[in-house]
């Protein structure tokens, strides 16, 4: 069920009786289906005529809402699948690169009409009705039953919700007709702009192509609220948790009440939080809007002893509470609100090195996460996509997503899943300062009111890699204070020049060489201090993350698969700079692994590189905490099918090799190797100590002869790092060799294991720069030699599996054994519905891209939503570097 189907179901549930008098009626009338869409270029009538009955809509395109114009046209077969091959380029209005101005011959320069007929039962007569648009891009003229409800002079801005009183305009004895004329963004002077953002609309930076319609349309829900004489808005629960004891939480509950009548109204506002009830009488003067409070000093019920506390994953449970607020007048329900919230304290501070650090419920926490981008280029947003991407982060113990400023202001569905799965969010407000500052402020005003209840919301960034204007910066600060949002804020996402971090807010952005390629040792050994795991990187990265091979085959035709990065479709499906942007990845592959001969070989080598680099990056931050305070890597997800980019989970919801490297590194209790001092460390993310852990390190030559082993007992404190020992390298070690690590607890249970492929010639970063044609390059001092991996003999694994249904999911348990005398390297498991079918996604594997020594076996579990199987029994596919 997608998010907006879920919205319709949610609204249908509101049709139940509240059991409170004659006006126990639906709270919301959804307007999600039965719309028609057409360009104004093909319509002679105006809004007054179009919003009347008996309009001939033959030739209009049927659609639902939310739906952007281009998304609706694709649904209707007007244009081919824009995600496949080069199809997007064939859509009129397409422009390459980053752009702000609509093409002069674009069909999306014209306004487009959305039209909807609906009825309202006469049993609702006497109530008060408001029409709601939760997302319009970019301007609109809104007509209802022949009357202009609101015009484009006030209905402007993608990141605002709009509400209009329509009681006097509704008909109960005939159909009502709503006609919305959408005016797109991009109708600005055609000149060169030296900025990435000009209007309060989506900007895709260089992540993927800009859709030709610039996402114009009704991109969020449209509905009618039905209420009595008093409406309720913006219900909020502020939490004040005693630290460090966590024994008492003081709650402040508030909501805005509005008198819809020309007379004074007295009623009762009642709140319920589980078994805690509280109420007060409220009188509103004619037309008055007022914020009404329940404060813990006046209502003892709001002093919660020993509360259930919300924690980010994996350090604790994600406890949530539900608030219900109702307002009744003379015993009849007037309006109501339901709010889910969590009790927790998240704050940030600037440490002695001028780096920003995070604390949760009084405890320090190392941030390891990724930059979140709107997950669908045409804004076909769905619960399926949101849940899969957020759950993948949860499963990997990535504890933060940074919502990017060129993206949408994320939906409640996104935040709901982050609340549920324990993933904190840093919300960036805008990408750049836009000329219409009043509009920017209006967008952020509404954003704060909408998202402030979510316990996952942790911190605000102002703008991306730049400062907001002084007026915008002050406005953001004032709004945070006015609405008591209780989150910290910094104006700038972080500078390239880390010496300025005290001005930007204690964080840095990434560096260009890391966005193209970084070896696993880079974050330990880089000469540039900007590159090592130190401080807080809002957008570090490793660059050149390759999508799952089945995803490559789905996004482009077979004649475009090879040579990688060089074909037209490969290049188009990277970043807007083209496939050559990741030339550094290809050069690193050729130097360390040898040049690939075909797509299969390219993929397996890229996956090995991605896995080890992502693991090395996150492990470096773990080993270095709290000199390193966090990283949200550039980036986490992709808005369209990207072949090689930065996304850890690809557009088809398949986890990449880089994802599994990150998941390995971010285990709650983890054993790892450090590339700078050759030592073995235990990294503990939990707020409890572990005593008498057993660490074992075993070193193998390429022929798998054991040449070194060491074992030590260690203890590691809460949220701490313990060094076990440094490896003593033996003489005569083969050029490529292997290191296996194991960590066992006092019961002998294996808590963590790790497997590295290393070289006697280490990766040592060097200089970097640009070529004459603006390709970024690196010149390392040395590159690791892994070419011997090409001589690994083929291995046939013994594989058995079983599956069982658990609720709406299928649990698959796979046993894999290596019966051969050779190493099974980078074993990849996948689930398919039929032999030869594409890999399913999402699938949440316990571990993947692992290696098996001779005679070694592993039992790996995977969870797949039953809806992904369509009733089929899942089958296991096993592949790998040298797996038959």
Check your understanding: What about residue 173, is it assigned to a loop (DSSP other than H, G, I, E, B), modelled with pLDDT under 95 and closer than 22 Å to residue 406 by Cβ?
Key -> no
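Yes or no, residue by residue, for (1) surrounded by 21 or more Cβ atoms within 10 Å (Cβ to Cβ); (2) touching a helix residue (DSSP H, G or I) at 6+ places or on another chain (Cβ under 8 Å); (3) at pLDDT below 95:
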{"residue": "98", "(1), (2), (3)": "no, no, yes"}
{"residue": "106", "(1), (2), (3)": "no, no, no"}
{"residue": "109", "(1), (2), (3)": "no, no, no"}
{"residue": "113", "(1), (2), (3)": "yes, yes, no"}
{"residue": "126", "(1), (2), (3)": "no, no, yes"}
{"residue": "135", "(1), (2), (3)": "yes, no, no"}
{"residue": "138", "(1), (2), (3)": "yes, no, no"}
Check your understanding: Tell me, which residue of the range 848-862 that is buried (at least 17 other Cβ atoms within 10 Å of the Cβ) and under 29 Å from the mean Cα position of the chain (by Cα) is farthest from residue 791 (Cα to Cα)?
Key -> 862
Exercise for review: Kindly indicate whether any position in the range 244-266 is under 19 Å from residue 328 (Cβ atoms) and out of contact with any strand residue (DSSP E or B) (no Cβ under 9 Å at 6 or more places or on another chain).
Suggested key: yes
Exercise for review: Would you mind stating whether residue 284 is closer than 23 Å to residue 246 by Cβ, free of Cβ contacts under 8 Å to residues at least 60 places away in the same chain and crowded, with 20+ Cβ neighbours inside 10 Å?
Suggested key: no
Practice item. Inspect all residues belonging to the range 711-723 and state whether any of them is over 28 Å from residue 532 (Cβ atoms) and within 34 Å of the chain's Cα centre (by Cα). Key: no
Practice item. Could you pull out the residue among 473, 445, 502 that is under 30 Å from residue 528 (Cβ atoms) and either touching a helix residue (DSSP H, G or I) at 6+ places or on another chain (Cβ under 7 Å) or at pLDDT below 95 (or both)? Key: 502
**Study point:** Criterion (outside the structural domain of residue 287 (by TED's automatic domain parsing) and outside any strand (DSSP E or B)) met by exactly one of 140, 152
**Key:** 152
Practice item. Sort out which residues of the range 224-260 are more than 33 Å from the chain's Cα centre (by Cα) and without any contact (Cβ under 8 Å) to a residue 40 or more places away in the chain, and write them in order of number. Key: 258, 259
Practice item. Give just the number: which of (1) closer than 30 Å to residue 193 by Cα; (2) in a strand (DSSP E or B); (3) out of contact with any helix residue (DSSP H, G or I) (no Cβ under 8 Å at 6 or more places or on another chain) does residue 339 not satisfy? Key: (1)
Check your understanding: Quick one: residue 754 ticks every box in (1) in a loop (DSSP other than H, G, I, E, B); (2) within 34 Å of the chain's Cα centre (by Cα) bar one, so which box is it?
Key -> (1)
Practice item. For residues that are modelled with pLDDT under 95 and in contact with a helix residue (DSSP H, G or I) (Cβ under 6 Å, 6 or more places away or on another chain), tally how many sit in the range 778-807. Key: 2
Check your understanding: Can you tell me which residue in the range 730-768 is farthest from residue 677 (Cα to Cα), limited to those that are out of contact with any helix residue (DSSP H, G or I) (no Cβ under 9 Å at 6 or more places or on another chain) and at pLDDT below 90?
Key -> 767
Exercise for review: State all residues of the range 717-744 that are in contact (Cβ under 8 Å) with a residue 60 or more places away in the chain and assigned to a loop (DSSP other than H, G, I, E, B); if no residue qualifies, say none.
Suggested key: 719
Revision key, fill the gap. In the range 804-827, anything surrounded by 18 or more Cβ atoms within 10 Å (Cβ to Cβ) and in contact (Cβ under 8 Å) with a residue 40 or more places away in the chain is listed as 810, 812, 814, 816, 823, 824, 825, 826, 827
Check your understanding: residue 81: in the same structural domain as residue 38 (by TED's automatic domain parsing), modelled with pLDDT of 95 or more, in contact with a strand residue (DSSP E or B) (Cβ under 7 Å, 6 or more places away or on another chain) and surrounded by fewer than 22 Cβ atoms within 10 Å (Cβ to Cβ), yes or no?
Key -> no
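The values are calculated or read from the model by the stated rules, or taken from the named source; none is laboratory data. Remember, predicted model here, so these are calculated numbers, not experimental data. Because the Cβ atoms are built from the backbone with ideal geometry, glycine has one as well, and the counts that use them run over all protein chains shown.
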